[in-house]
Structure formats: C-alpha cells, structure tokens
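Written out below as structure tokens is the structure these notes cover.
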Amino acid sequence: MGMNDMVRFIREMTGKLGSDIYGGIQTQSNPQQISFLRQLQKEMKQTNILDCPLEKLNIVVFDLETTGFNPDKGDKIISIGAVKMVGSIINEEETFYSLVNPEIPLPEYISRLTNITEEQLAGAPSASEVLLDFYKFIGSSVLVAHHARHEQAFMKKLSSSLLRMNFDHRVIDTSFLIRLFQPAAPTLQLEEICNECGVEVSGRHHALSDSMMTAKVWSFYIEKAHEHGYTNLREIYEFLSRLR
C-alpha cells in the first residue's frame, strides 16, 4: 500500500478539524461554543481509528432528510437523525433527532415522502442551532451513512455557510464494508440492502428510523468482517486497496 493511498484514506476516514474551525463562532463571542470546538479539534487530532479494534470503534450512524438533492442550488436539511454504536453494538438509548427549519418552502413531494409538514418545520429550531447540537452529539466519533455523499455534501455546505467552519469529519459509506464481500455489487437503496441483511424495514424516510436501519446493516457487516478475521479498519482498507 503506497503512502499516497494511506494519506487519501486517512483523510476520507477521519479527517481533521481545521485550525479555523471556531473562527466563525468566535465572532459571536460565545466562550462555551469556542471551548467546545477547540476541544473537539484536539480530540479529532488524537483519534486513531485505523488501528482501533472493530469491537471498540465508536460510531455515529446518521441520516438527513432534505428539500432536495443539491445543497449548492439552495436545498436545505429538514431533519437529522443519528444513533451511537460501539463496534457492532447499537446503543438505542443514545439517539439524536431534530426537525430543522429550512426557511424555504417545502416541496409537496418531499412532504409526502417524509410525512413532514411545513407547519412542523415552521416551529422547528434553526439549522445553525441543530448543527451545533449535532456536533456535540457526534464529538470525534467515526460517522457512517448510507449513500454518504448526500449527507456529506449537506453537512459541508451548512457548516460552511451557517457556522463558517469546515465539516472535516469524513463519513464512511456502508459500501465500505459491503465491498469486502460483494466487490462488484451495485449501490442499493437502503430498503434493498436491509432485505439482504434480514433487517426489518420500518419508518422509511424518517431520519432516525433510517439511521437505525443503517446501523443494523453496519452491525451485520462489522460482525461478518470480524468473523472473516479483520480486526481493524486498516486491515479492511489494505484488502480493498488491492481490489482496485
């Protein structure tokens, strides 16, 4: 495995919080927020997820519901759901869920899809408030999502535009583990991969329900990886890099 490959992987998997992460907050003179973001920056730099045993790896699985698919064209987050895991164990008591006021009209088809109404969003907290709460919930944990590019794009856009900070947590897509056993498998919808893993599909397109189902998929493949002798993420990456 070349050095460049490892550098790219480390950036993808862990990232690091930029030195100006609290620059935007600092102008608002909120010492508690500044202190929190500084501590988070320190923790991220010290975290070594590559060699952490899979059964001890702290994970936050999350999902976003949005007004559309392109944050650069004005689409917004309308809800965030997340659940914490350690290894393959899901902590159903440690969850995060919030509606988010997008401050733009909600498309009718999104309302039908998510069962979220404009009236509910009108009374929801602002995106900046929810984002800060979400950062506090995730800390320096590894993030996991299904179709992770969608989540990552929105988190980057909103963190930059609302908090004036980089979203440098790198999100691991569920396909990272799936490719261990199905290298050529197409990208499936969440309900399809749930059916393959024997996970019950319930509450689809609710951010917390989707997070919980994704966590069960991740748990399924973490256990499968462990059964096949993988002990940490570095070993998984080294194997996948040879498939390229």
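Net charge within 12 Å of I110 by Cβ-Cβ distance, Lys/Arg positive one each and Asp/Glu negative one each, not counting I110 itself?
The answer is -2.
Zone of E191 (label point 7 Å along Cα→Cβ, backbone N under 18 Å): which residues in the stretch 63-86?
64-66
How much of the accessible area of the stretch 76-119, probe 1.4 Å, is carbon plus sulfur, in whole percent?
Within the stretch 76-119, the accessible surface is 48 percent carbon and sulfur.
Find out how many positive minus negative residues lie around D51, taking Lys and Arg as positive, Asp and Glu as negative, among other residues whose Cβ is under 11 Å from that of D51.
Neighbour charge sum, excluding D51 itself: +1.
Taking a threshold of 32 Å on the Cα-Cα distance, which of the pairs K157/K224; K73/K224; K84/K156 fall above it? If you can, show how the numbers build up before the last one.
Details: K157/K224 35 Å; K73/K224 40 Å; K84/K156 21 Å.
Cα-Cα > 32 Å for K157/K224; K73/K224; rest within.
Cβ neighbours within 10 Å, averaged per peptide: list 89-98, 217-226 in order, most packed at the top.
Put in order of decreasing packing, that is 217-226, 89-98.
How many Å² of accessible area per residue for the stretch 91-244, probe 1.4 Å?
Here the per-residue accessible area is 49 Å².
The values are calculated or read from the model by the stated rules, or taken from the named source; none is laboratory data. Being a predicted model, the structure only gives us computed values, none of them experimental. Ideal geometry is used to build each Cβ from the backbone, glycine not excepted, and the neighbour counts take in all protein chains shown. Calculation scope for accessible area: heavy atoms of the full protein, side chains included, ligands and nucleic acids excluded. Shrake-Rupley method; radii C 1.70, N 1.55, O 1.52, S 1.80 Å.
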